[in-house]
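Asker: Have a look at this one before I ask anything.
The values are calculated or read from the model by the stated rules, or taken from the named source; none is laboratory data. The structure presented is a predicted model; accordingly, all values stated were derived computationally and were not measured. Please note: Cβ atoms are built from the backbone with ideal geometry, for glycine as well, and neighbour counts cover all protein chains shown.
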Amino acid sequence: MKRRPFLGALAASALPAFKDDAPQLNESQARAPTQITLLGTGTPHPSLERQSSSYLIETGGDTILFDHGTGSHHRLLESGHKAVDVTHAFFTHLHYDHCMDYPRLVLQRWDQGADLVPDLDVYGPAPIARMTDLLFGRDGVYGPDIRARIEHQSSVDTFALRGGVPPRKWPAPRVREIKAGDVIQGNTWKLTVGHAVHVQPFLECLAFRLDTADGSLCYSGDSAESDSIVELARGCDILIHMNHMFSGTAPTAAFRDAVGHHKGNARVAQRAGVKTLVLVHAVPSIDQPRIREQIVHEIQQEFAGKVVWGEDLMRLTFAGPVIATTGY
Ligand SMILES: [Zn+2]
Ligand SMILES: [Zn+2]
């Protein structure tokens with residue numbers, strides 16, 4: 001299936017527009033309810049229970065990733081998907097717990113895809129284009145591996161067995177650098193890029209809103225309490241928000257202002273008027289019985305909607321949301 005969404009932009013943006021050759025969606029694909037799978041709800045902390053940040057959205061025949069942090073590709077496989085299924089990857093920021101499995105995604109898609117699937121559409125803040133070139137370019141980290149797989153006869157044989165027709169193409173993710181205010185128009189969805197409040201100016205940090213035919217999702221990326229997230233998430237069915245710390249326990253004001261805390265998240269959700277708040281990216285010290293319940297309870301004092309403590313492989317839809325944990 002050919003997919004080539006065009007990259008639109010708000011009036012203030014100078015981003016180029018890409019002409020769209022629309023895919024042929026069958027009726028069941030177009031009408032299937034959007035499904036969101038939490039692939040990685042953890043932090044940089046090493047954990048077997050929680051992989052680092054990544055979220056999978058299946059909507060209108062597209063399979064979209066928001067971030068792809070450490071270990072989350074394994075969760076993608078556990079969720080019943082493979083790299084070749086992914087059509088779009090959006091990155092909020094380039095902390096490694098949000099992008100370390102990007103190479104695995106690109107290389108497995110390229111290797112298994114055997115030139116039969118299009119190159120991946122990738123969106124993220126600068127310098128994701130440079131990162132991509134440093135990883136997969138001819139002089140990149142994986143350049144010698146890629147060349148060996150293209151030129152050695154054993155790899156050419158494997159490529160042909162997978163249905164590929166030599167000569168094999170070099171992997172070339174279609175990378176577009178994005179910033180707050182940009183709008184990316186898919187065939188059945190619209191993604192709006194907003195500001196996150198995190199570790200600027202060292203890394204640009206973004207948040208995403210995805211509007212689909214059956215509902216709207218906002219993902220804060222890593223962000224402290226922020227008016228910009230309130231505006232981006234306004235009226236959404238689901239807000240997935242970083243919930244890194246218990247309020248009042250940050251070691252410094254700078255720390256608090258980069259990662260936020262649970263009472264601030266309650267205010268964001270209430271002000272934005274979202275229906276469901278999904279809490280993710282909790283450090284192990286608060287990801288404990290009783291502390292979890294206390295956080296949810298205290299958020300519910302401020303926020304009138306549903307509160308969900310996110311878990312890896314939890315699935316959500318906009319109708320309810322219906323939650324079913326898979327795997328394990
Ligand atoms: Zn993070
Ligand atoms: Zn971060």
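Asker: Among the residues of the range 21-44, is there at least one that is outside any loop (DSSP other than H, G, I, E, B), farther than 26 Å from ALA196 by Cβ, at pLDDT 95 or above and hydrophobic (A, V, I, L, M, F, W, C)?
Answerer: The first filter runs over the range 21-44 and keeps only residues outside any loop (DSSP other than H, G, I, E, B), leaving 27-31, 35-40.
Right, trim to farther than 26 Å from ALA196 by Cβ and you get 27-31.
Subsequent filtering for residues that are at pLDDT 95 or above retains none.
Looking through the range 21-44, none of the residues is outside any loop (DSSP other than H, G, I, E, B), farther than 26 Å from ALA196 by Cβ, at pLDDT 95 or above and hydrophobic (A, V, I, L, M, F, W, C).
Asker: Okay, moving on. Looking only at the range 48-78, count how many residues are away from ligand 2 (no atom under 16 Å from the Cβ) and over 15 Å from the mean Cα position of the chain (by Cα). I'd like the intermediate steps shown before the answer.
Answerer: Keep residues of the range 48-78 that are away from ligand 2 (no atom under 16 Å from the Cβ), which gives 48-49, 56-65, 73-78.
Now drop any that are not over 15 Å from the mean Cα position of the chain (by Cα), which leaves 48-49, 60-61, 77-78.
Selection size over the range 48-78: 6.
Asker: Here's another thing I want to ask about it. For the range 241-264, name all the residues that are touching a Leu at 6+ places or on another chain (Cβ under 7 Å) and either in contact (Cβ under 8 Å) with a residue 40 or more places away in the chain or closer than 20 Å to ASP214 by Cα (or both).
Answerer: Start the filter on the range 241-264 by keeping residues that are touching a Leu at 6+ places or on another chain (Cβ under 7 Å), which leaves 241, 243.
Once the filter is applied, which keeps residues that are touching a Leu at 6+ places or on another chain (Cβ under 7 Å) and either in contact (Cβ under 8 Å) with a residue 40 or more places away in the chain or closer than 20 Å to ASP214 by Cα (or both), the range 241-264 yields only ASN243.
Asker: Are any residues in the range 50-72 in contact (Cβ under 8 Å) with a residue 60 or more places away in the chain and away from ligand 1 (no atom under 16 Å from the Cβ), and if so, which ones?
Answerer: Those that are in contact (Cβ under 8 Å) with a residue 60 or more places away in the chain and away from ligand 1 (no atom under 16 Å from the Cβ): ILE57, THR59, GLY60, GLY61, ASP62, ILE64.
Asker: Any residue in the range 121-131 that is under 20 Å from the mean Cα position of the chain (by Cα), modelled with pLDDT under 95 and either away from ligand 1 (no atom under 16 Å from the Cβ) or polar (S, T, N, Q) (or both)?
Answerer: Checked the range 121-131: no residue is under 20 Å from the mean Cα position of the chain (by Cα), modelled with pLDDT under 95 and either away from ligand 1 (no atom under 16 Å from the Cβ) or polar (S, T, N, Q) (or both).
Asker: Pull up the range 92-112, narrow it to residues that are in a loop (DSSP other than H, G, I, E, B) and in contact (Cβ under 8 Å) with a residue 60 or more places away in the chain, then point me to the one that is nearest to ligand 2 (Cβ to nearest atom). Don't jump to the end; show me each part of the working.
Answerer: Of the residues in the range 92-112, the ones in a loop (DSSP other than H, G, I, E, B) are 92-95, 100-101.
This time we only want the ones that are in contact (Cβ under 8 Å) with a residue 60 or more places away in the chain, so: 92-95.
Numbers: THR92: 8, HIS93: 6, LEU94: 9, HIS95: 4 Å.
That would be HIS95.
Asker: So, one more: How many residues does the range 75-91 contain that are within 16 Å of ligand 1 (Cβ to nearest atom) and free of Cβ contacts under 8 Å to residues at least 12 places away in the same chain?
Answerer: Of the residues in that region, 0 qualify.
Asker: May I ask you to list the residues in the range 217-272 that are touching a Phe, Trp or Tyr at 6+ places or on another chain (Cβ under 6 Å) and either of a type in the set (A, V, I, L, M, F, W, C) or within 16 Å of ligand 2 (Cβ to nearest atom) (or both)?
Answerer: TYR219, ILE240, ALA266, ALA269
Asker: For the range 172-215, name all the residues that are of a type in the set (S, T, N, Q) and in contact (Cβ under 8 Å) with a residue 24 or more places away in the chain.
Answerer: GLN185, ASN187, THR188, THR192, THR212
Asker: Another question, then. Among the residues of the range 51-70, which ones are assigned to a loop (DSSP other than H, G, I, E, B), surrounded by fewer than 24 Cβ atoms within 10 Å (Cβ to Cβ) and in contact with a strand residue (DSSP E or B) (Cβ under 7 Å, 6 or more places away or on another chain)?
Answerer: GLY60
Asker: Quick check on my filter: what residues within the range 266-316 are among the basic types (Lys, Arg), without any contact (Cβ under 8 Å) to a residue 24 or more places away in the chain and not in a helix (DSSP H, G or I)?
Answerer: Initial filter on the range 266-316 (among the basic types (Lys, Arg)): 267, 271, 275, 290, 292, 306, 315.
Next, only the ones that are without any contact (Cβ under 8 Å) to a residue 24 or more places away in the chain stay: 290, 292.
Within the range 266-316, just ARG290 meets the criteria.
Asker: When only residues in the range 187-213 that are touching a Lys or Arg at 6+ places or on another chain (Cβ under 9 Å) and closer than 18 Å to LEU316 by Cα count, which is farthest from ligand 2 (Cβ to nearest atom)?
Answerer: My answer is ALA213.
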